[in-house]
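Note sheet for the following structure.
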Amino acid sequence: MAVRNDVESLLSRLGRQDLRYREFADQLGDMELWPIFEALLQDPRIVGRAQTLLDQRRETQLEQMRLERAARARAELEAQAAAELPVPAAAPTPPPRTPATPVTGPLQSMDAQVRTFLGQIGSKGPRA
Amino acid sequence: MTLILFHSPKGGVGTTFLAAHCAMELAARGHETLAIDFTYQSTLKLFFGLLPEQQLVRAGDASRDEIIVSGVELFDGEDLGRSASFRALLAEPGAQPFPTDKVIVADIASHDRELRQLLMPHAALHVVPIVPRPAALAALVHVDPRTPLVDLSNTAVVLNMLDDTRTLSRHSQVFLNQAFGSLMAGAVRRDECIGEAVANFEPLAKLFPQAPALADIAQMVSMLEERCGLNVQAAQALS
């Protein structure tokens with residue numbers, strides 16, 4: 001084991017071979033409630049939000065009302081679309097088809113990178 | 001595949017140090033381990049005793065030989081982590097982006113919350129390093145954007161740089177253990193040896209094998225193994 005020079009000389013002055021770290025453990029009762037701890041314990045992003053039965057009821061009702069509003073809006077839109085539907089015309093002539101150009105550029109190289117990575121991390125069996 | 005994410009909502013809390021030493025300890029315990037540095041600083045390698053100029057194998061680049069140090073295969077994942085197709089793969093429902101039976105330790109920069117979010121569905125465990133200082137404690141509210149901390153199931157908080165000669169440090173440890181006991185996966189003492197080993201470009205275990213932080217990391221890794229079910233996997237592999 002490599003020991004730092006200053007530690008080595010201190011240990012030799014103390015007549016010891018090693019250094020034991022002193023523990024300064026506190027009991028729960030000795031701990032003061034620092035305001036930062038209190039803030040964490042009151043933050044809903046840490047402890048969530050305690051819900052009463054009334055809270056749950058409110059949320060359920062709000063959700064139900066939201067769903068009903070969405071359903072009504074959808075029905076109105078569908079009715080409007082049906083009323084404005086034009087008379088079916090003859091199918092338009094499709095545009096002339098040109099052969100697809102191969103994908104090039106960064107996306108292609110990224111895909112290759114991901115594929116190579118998957119090969120790199122694949123199991124190769126136990127190491128020697 | 002067992003993916004262990006190391007990401008903290010607060011930077012400068014020793015996330016990379018813990019990720020590197022977790023990977024080394026897992027490898028020493030017989031797990032096939034690889035570590036991916038998803039950060040742009042690329043400092044994970046320093047804890048393995050490599051020089052800053054040493055380039056790791058880029059994840060997704062097969063043109064270079066693998067780099068294995070202290071039993072851990074090392075990758076530079078910065079490009080891969082930013083790749084649109086990799087992110088699309090991570091976001092795909094039912095995707096298996098890590099087709100391997102190895103343990104993967106991923107180091108993610110604190111600002112890269114998006115990558116953390118994308119990797120989370122594939123992770124066995126998210127390790128959240130923090131330090132016993134007010135700003136780091138306050139950042140605990142940002143561990144997950146949607147779920148309160150106490151409701152997170154595959155999350156483990158590690159208190160790093162614990163200095164039990166300091167009152168706030170000791171009290172933070174007691175507070176965290178009492179308030180979030182089931183989330184806590186240990187504490188690692190503040191240890192000057194860590195910086196000195198990196199400054200010498202040597203692994204901590206080689207230069208200071210008796211460093212208190214190493215003993216704490218061993219305890220932490222035992223907790224992580226248990227939380228990830230790695231003990232069970234190892235027992236099944238032996239039988």
Quick one: in the stretch B:144-171, of everything that is facing another protein chain (nearest Cβ under 8 Å) and not in a helix (DSSP H, G or I), which residue is surrounded by the most Cβ atoms within 10 Å (Cβ to Cβ)? B:D164
Out of B:V174, B:V232, B:V221, which single residue is of a type in the set (A, V, I, L, M), part of a helix (DSSP H, G or I) and open to solvent by 70 Å² or more (accessible area, probe 1.4 Å)? B:V232
Of all residues in the stretch B:34-54, which are over 12 Å from the mean Cα position of the chain (by Cα) and either within 13 Å of another protein chain (Cβ to nearest Cβ) or not in a loop (DSSP other than H, G, I, E, B) (or both)? B:K45, B:L46, B:F47, B:F48
Say whether the condition of being over 23 Å from B:F47 (Cβ atoms), open to solvent by 10 Å² or more (accessible area, probe 1.4 Å) and at pLDDT below 95 is met by at least one residue in the stretch B:65-81. no
Quick one: would you say A:R57 is of a type in the set (K, R) and modelled with pLDDT of 85 or more? no
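Here's the yes/no breakdown for (1) more than 9 Å from chain A (Cβ to nearest Cβ); (2) not β-branched (V, I, T); (3) not in a loop (DSSP other than H, G, I, E, B):
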site	(1), (2), (3)
B:S85	no, yes, yes
B:L89	no, yes, yes
B:P99	no, yes, no
B:I104	no, no, yes
B:A109	yes, yes, no
B:R116	yes, yes, yes
Give the residue that is farthest from the other protein chains (Cβ to nearest Cβ), with candidates limited to residues of the stretch B:177-218 that are of a type in the set (K, R) and either under 26 Å from B:A123 (Cβ atoms) or not in a helix (DSSP H, G or I) (or both). B:R190
For the stretch A:2-12, indicate whether the set of residues that are farther than 30 Å from B:A197 by Cα, open to solvent by less than 90 Å² (accessible area, probe 1.4 Å) and modelled with pLDDT of 75 or more is non-empty. no
So, of the residues in the stretch A:15-43 that are open to solvent by 70 Å² or more (accessible area, probe 1.4 Å), at pLDDT 80 or above and in a helix (DSSP H, G or I), which turns out to be nearest to the other protein chains (Cβ to nearest Cβ)? A:L41
Search result, residues across the stretch B:183-202 that are more than 20 Å from B:T165 (Cβ to Cβ) and either at pLDDT below 95 or in contact with a strand residue (DSSP E or B) (Cβ under 8 Å, 6 or more places away or on another chain) (or both): B:L183, B:M184, B:A185
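The values are calculated or read from the model by the stated rules, or taken from the named source; none is laboratory data. The structure displayed is predicted, hence computed values, not measured ones. As a convention, Cβ positions derive from the backbone with ideal geometry for all residues, glycine included, and neighbour counts pool all protein chains shown. Side chains are part of the model used for accessible areas, which takes the heavy atoms of the whole protein and leaves out ligands, DNA and RNA. Shrake-Rupley method; radii C 1.70, N 1.55, O 1.52, S 1.80 Å.
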